[in-house]
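Right, one structure below, let's go through it.
The values are calculated or read from the model by the stated rules, or taken from the named source; none is laboratory data. What you see is a predicted model; the values in this text were computed from it and never measured. Quick reminder, even Gly has a Cβ in these numbers, built from the backbone with ideal geometry, and neighbours come from all protein chains shown.
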Amino acid sequence: MVPLVRAACLTNYHEVATASGLNPVRMLLDAGLNPGVLEEPDLMIPVEAVARLLQASADASGNRSFGLCMARSRQLSNLGPVGLLMRDQVTLRDSLQMLIRYQSLLNGALSLTLEESGDTVVIREAVLAGGIHQPTLQRVELVLGVTVRLIRQLSGQDWRPRRICLEHSAPHDLGIHTQVFACPIEFDADFNGIVCNKTDLDAPNPTADPAMIRYAQKLLEDSLRLSESRILDDVRRTIFLLLPSGRCSIEKVSEHLGVVPRTVQRRLAEHDQSFSSMLNDIRKELAARYVYESNRALTDIADSLGFTAPSSFSRWYLAQFGISAKESRARRLTGNKK
């Protein structure tokens, strides 16, 4: 099943494309999208087409921060009913948990998780590329930029995270990153996400409206029941979550989802999928991304993909791609990806 995303993800695309010297209508058509999607924010469109559009726009304009530029004007209203539900939660923690619960209604290729340790919170982001060697940089920065914007709308414009972590390498010009994030940024990190203080999540929301929460949540629960792809989204997100721990088995994924392994197997089979093939596909996608888009050490990449030893990763990579990870990176650095 093709992952879909709300057309609202392209909010402000026309303005950023025009300011970057592009013809937005032509760019949309070339990416396989009808320009009319910009006027239909609730329309679900293919994630792959959006990915092509953002990357082509960044390449054609020479603006590596294209996606981040689009994030600068986002509001909770761009999330539709999910934004409405987030706005009226009692605390920021509650708002983020609602975003995580209903993320499949916004973007079928995105996984957000909330991890707490001591006085630190990590809002971790994982993006499915939709294919090997499909760049994700623009989508990753767009989502993180939008998330920071939404948190500031909920907590106040003075809110600052401790740092932003990005798996890819730094651009030559950090002007837009500094403007949007306004905090330290770690490139070539081992995950994409936002690191902040636990106390930030507990601040009360003085404008919370329980009546509006009930109304918005009913709309969203009805939508979830109509979502046939939810099991695939849930399994993908859980694989992303458990993969770095080295404990990504069907038993652990099933335990995380609160069902028995047989149920997961049956539901995946209904979509012509198996757990092992999905796990391997996600590993391949992430391995290609880490090798091509970052300068992280190959030993760190092996850990992130759940391999117990670098040698296991090396053998697996060679079997999957017909070339070693070291040679893949060398070809990237010389501009030859064939």
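State which residue is surrounded by the fewest Cβ atoms within 10 Å (Cβ to Cβ) when the search covers only the range 36-58 and only residues that are within 16 Å of Leu68 (Cα to Cα) and touching a residue at least 40 places away in the same chain (Cβ under 8 Å).
The selected residue is Gln55.
Can you name the residue in the range 67-79 that is touching a residue at least 40 places away in the same chain (Cβ under 8 Å) and part of a helix (DSSP H, G or I) and, of all such residues, is farthest from Pro3 (Cα to Cα)?
This residue is Cys69.
Against the definition (within 19 Å of Arg332 (Cβ to Cβ), among the basic types (Lys, Arg) and either surrounded by 15 or more Cβ atoms within 10 Å (Cβ to Cβ) or touching a residue at least 60 places away in the same chain (Cβ under 8 Å) (or both)), how does Lys252 come out, yes or no?
no
Scan Val82, Val47 and give me the residue that is within 17 Å of Leu105 (Cβ to Cβ), assigned by TED's automatic domain parsing to the domain that holds Ser111, among the β-branched types (Val, Ile, Thr) and touching a Leu at 6+ places or on another chain (Cβ under 8 Å).
Val82
I'm checking my understanding of the structure. Among residues of the range 194-232 that are of a type in the set (A, V, I, L, M, F, W, C) and touching a His at 6+ places or on another chain (Cβ under 9 Å), which one is modelled with the lowest pLDDT?
Looking only at the range 194-232, we keep the residues that are of a type in the set (A, V, I, L, M, F, W, C), and these are 194-196, 201, 203, 208, 211-213, 216, 219-220, 224, 226, 231-232.
Checking which are touching a His at 6+ places or on another chain (Cβ under 9 Å) leaves us with 231-232.
On the way: Ile231: 72, Leu232: 75.
Out of the qualifying residues, it is Ile231.
Could you run through the range 90-104 and say how many residues are modelled with pLDDT under 90 and not in a helix (DSSP H, G or I)?
Selection size over the range 90-104: 2.
Of the residues Asp42, Asp94, Asp88, Asp119, which single one is over 22 Å from Asp200 (Cβ atoms) and acidic (Asp, Glu)? I'd like the intermediate steps shown before the answer.
Numbers: Asp94 fails: over 22 Å from Asp200 (Cβ atoms); Asp88 fails: over 22 Å from Asp200 (Cβ atoms); Asp119 fails: over 22 Å from Asp200 (Cβ atoms).
That would be Asp42, the only listed residue that is over 22 Å from Asp200 (Cβ atoms) and acidic (Asp, Glu).
Of all residues in the range 290-328 being more than 21 Å from Gln134 (Cα to Cα) and of a type in the set (Val, Ile, Thr), which is surrounded by the fewest Cβ atoms within 10 Å (Cβ to Cβ)?
Thr308
Whether any residue in the range 105-124 is part of a helix (DSSP H, G or I) and touching a residue at least 12 places away in the same chain (Cβ under 8 Å) is what I want to check.
Checked against the condition, which is being part of a helix (DSSP H, G or I) and touching a residue at least 12 places away in the same chain (Cβ under 8 Å), the range 105-124 yields at least one hit.
What's the number of the only condition in (1) buried (at least 22 other Cβ atoms within 10 Å of the Cβ); (2) closer than 30 Å to Arg332 by Cβ; (3) touching a Leu at 6+ places or on another chain (Cβ under 7 Å) that Thr113 fails to meet?
Thr113 satisfies every listed condition except (1).
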